[in-house]
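Accompanying notes for the structure given below.
The values are calculated or read from the model by the stated rules, or taken from the named source; none is laboratory data. Because the structure is a prediction, the values reported are computed rather than measured. Counting neighbours? That spans all protein chains shown, and the Cβs are built from the backbone with ideal geometry, glycine included.
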Amino acid sequence: MEAPTHGLRRELKVRDLVLMQVILIVALNWTGFAAKQGSTQIVLWLLAILLFYLPLAAVVMKLSRAMPVEGGVYQWVKEGLSPFAGFMAGWSLAVLIVSFFAAAGSQLAEGIAYASGPGGAWIATGKLPALILTALACLIAFAVNVRGLHAAKWLSGAGSLLTIATFLAMLYLLARAWGTGMPSAHRSLSLAWPGLSVVTLNVFTKMALGALSGFDQSAVFSEECRRPGNDVARSVLIAAPVIALMYILGTGAVLAYIPPVNVDLAAPVSQVMHAGFGVSSLGTVLTALAVGAFNIGYAAAMVISVGMVARLPMVAGWDGLLPGWWSELHPRFQTPSKAIGAVAAALMLLGVLSLLGSGNQEASQVTTSVGIGSVCLMYMLLFAVVIFGFRSRPERPGVALRVGALAAFAVAFVSLVFEIVPLGEVANPALFAIKVGGTICAANGLGAYIYWREARRVGTLDRERNR
């Protein structure tokens with residue numbers, strides 16, 4: 001299928017896409033969730049890679065070559081299953097990004113608190129700093145994305161390099177702990193087999209669907225790539241092994257310094273930097289630099305993700321499933337500026353709501369669980385395309401790809417069930433489950449309502465035109 005054009009500018013090369021894969025997939029805070037598993041983290045990572053990460057990479061490479069069109073998973077599921085399934089896949093991806101980055105203020109506040117030392121403890125516990133940081137991040141995301149990918153891709157690239165630099169700092173701390181003979185360092189990289197338990201399954205699902213998902217996201221920009229038929233697939237092939245190593249060794253660094261029970265899920269990277277570099281003058285400076293690099297990388301991920309999500313309603317607008325203003329491009333920058341503004345506003349609103357009646361760690365868990373629960377539905381639809389779809393198309397997936405997609409489908413389904421179970425301490429587990437489950441149902445119910453309302457409207461308009 002030849003990629004169409006809608007006035008968008010082709011800004012992205014393979015190099016940009018590789019760095020984008022890193023910034024969209026590598027959220028080093030997931031090392032905190034994996035660290036909850038303790039000394040069996042490597043085997044659990046390897047299982048998540050085998051059962052979900054590699055099948056996802058193969059599916060994305062296959063579909064990005066077969067259909068290099070703007071909208072990525074929205075278009076793939078629409079073509080492979082149905083227009084309604086495609087709309088819900090795109091909607092679920094949008095819910096993931098908005099939910100995940102709604103906790104941006106909490107994440108950034110925790111990091112700044114660690115870098116500030118004992119005097120900055122109030123930043124982590126107060127809601128006002130988190131709200132201010134969320135608002136600032138949303139404004140930056142809006143301003144950069146309206147300017148276009150020629151600006152956003154440089155911020156994305158810089159954020160990717162800073163994320164890699166943060167990982168290298170964690171790797172240094174791990175190597176130092178290993179070299180000095182710290183028992184915890186050796187345990188953190190053991191090949192012990194995890195026992196089967198509810199906690200282990202919970203951690204596994206967070207690792208697979210949270211940390212190791214996202215190869216499909218850069219494909220949303222297909223029409224803005226120089227060579228969309230090949231470049232997305234090549235970027236997946238280059239980035240995949242690097243990302244896997246970053247997660248495994250990054251988790252080892254956390255466990256080398258922090259016992260699993262004490263891991264701060266809101267800011268594990270800042271926590272390990274503080275523990276590893278210490279409270280001396282030099283340690284404080286190094287911690288501040290490392291945390292600063294992490295926070296900038298996190299903000300850059302938020303910026304490019306807001307731009308990515310804004311393309312989904314833009315494409316739905318092309319199909320007539322949303323009002324036309326979602327697809328309107330800025331007259332100068334040729335970007336969907338109104339859609340970008342709507343996504344940034346939704347992110348800010350959910351960020352405020354997530355902090356009501358909860359601390360930063362619980363807010364982070366709630367928004368993360370809502371996002372992953374929604375994206376579980378998206379991935380179930382995506383893998384169903386390979387397992388059941390494309391019956392009318394000449395190119396059919398091979399047996400190996402279908403088996404991998406089936407395994408990944410099962411992982412996504414199990415992960416969906418576990419999203420209402422908190423991994424860290426929360427004030428009220430039952431209320432947590434209600435918040436997460438209710439928000440997932442409400443968010444996707446709203447998406448289904450919007451689709452059917454707009455589909456009926458479009459059908460009515462078509463009937464009127466045909467009279």
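Remark: pairs (first residue in region 270-291, assigned to a helix (DSSP H, G or I) and surrounded by 16 or more Cβ atoms within 10 Å (Cβ to Cβ); second residue at pLDDT below 75 and among the β-branched types (Val, Ile, Thr); Cβ separation under 7 Å; 6+ apart in sequence or on different chains) = Met273/Thr287; His274/Thr287; Phe277/Thr287. Taking the options Gly424, Gly438, name whichever one is modelled with pLDDT under 90, crowded, with 16+ Cβ neighbours inside 10 Å and under 22 Å from Val198 (Cβ atoms). Just a single option satisfies the conditions, and that option is Gly424. With respect to the conditions (1) touching a helix residue (DSSP H, G or I) at 6+ places or on another chain (Cβ under 9 Å); (2) modelled with pLDDT under 75; (3) farther than 28 Å from Thr125 by Cα; (4) part of a helix (DSSP H, G or I), Leu381 falls short on a single one, namely (2). Residues in region 231-242 that are crowded, with 23+ Cβ neighbours inside 10 Å and either among the basic types (Lys, Arg) or within 20 Å of Ala293 (Cβ to Cβ) (or both): Ala239 alone. Within region 153-168, is even one residue basic (Lys, Arg) and assigned to a helix (DSSP H, G or I)? Looking through region 153-168, at least one residue is basic (Lys, Arg) and assigned to a helix (DSSP H, G or I).
Consider Ile258 carefully, then state whether it is over 17 Å from Ile112 (Cα atoms), modelled with pLDDT of 90 or more, surrounded by fewer than 22 Cβ atoms within 10 Å (Cβ to Cβ) and in contact with a Phe, Trp or Tyr (Cβ under 8 Å, 6 or more places away or on another chain). Explain how you work it out, then say what you get.
On the way: over 17 Å from Ile112 (Cα atoms): yes; modelled with pLDDT of 90 or more: yes; surrounded by fewer than 22 Cβ atoms within 10 Å (Cβ to Cβ): yes; in contact with a Phe, Trp or Tyr (Cβ under 8 Å, 6 or more places away or on another chain): no.
No; evaluated as a whole, the condition is false for this residue.
Just name the residue that is surrounded by the fewest Cβ atoms within 10 Å (Cβ to Cβ) out of those in region 176-209 that are of a type in the set (Phe, Trp, Tyr) and part of a helix (DSSP H, G or I).
Quick first cut of region 176-209, residues of a type in the set (Phe, Trp, Tyr) only: 178, 193, 204.
Now drop any that are not part of a helix (DSSP H, G or I), which leaves 178, 204.
Numbers: Trp178: 17, Phe204: 23.
Only one residue tops the list, namely Trp178.
Of the helices (runs of 4 or more DSSP H) entirely within region 1-63, those holding at least 1 residues that are crowded, with 22+ Cβ neighbours inside 10 Å, under 15 Å from the mean Cα position of the chain (by Cα) and hydrophobic (A, V, I, L, M, F, W, C) occupy 14-25, 30-35.
In region 182-192, the count of residues that are in contact (Cβ under 8 Å) with a residue 60 or more places away in the chain, of a type in the set (A, V, I, L, M, F, W, C) and touching a Phe, Trp or Tyr at 6+ places or on another chain (Cβ under 7 Å) is one or more.
Report whether or not Ser305 is surrounded by 21 or more Cβ atoms within 10 Å (Cβ to Cβ), at pLDDT 90 or above, in a helix (DSSP H, G or I) and of a type in the set (Ser, Thr, Tyr). Break it down stepwise before answering.
Details: surrounded by 21 or more Cβ atoms within 10 Å (Cβ to Cβ): yes; at pLDDT 90 or above: yes; in a helix (DSSP H, G or I): yes; of a type in the set (Ser, Thr, Tyr): yes.
It is true that Ser305 is surrounded by 21 or more Cβ atoms within 10 Å (Cβ to Cβ), at pLDDT 90 or above, in a helix (DSSP H, G or I) and of a type in the set (Ser, Thr, Tyr).
Every residue, every condition in (1) in a helix (DSSP H, G or I); (2) of a type in the set (A, V, I, L, M, F, W, C); (3) at pLDDT 90 or above, yes or no:
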site: Thr335; (1), (2), (3): no, no, yes
site: Ala342; (1), (2), (3): yes, yes, yes
site: Leu347; (1), (2), (3): yes, yes, no
site: Gly351; (1), (2), (3): yes, no, no
site: Cys376; (1), (2), (3): yes, yes, yes
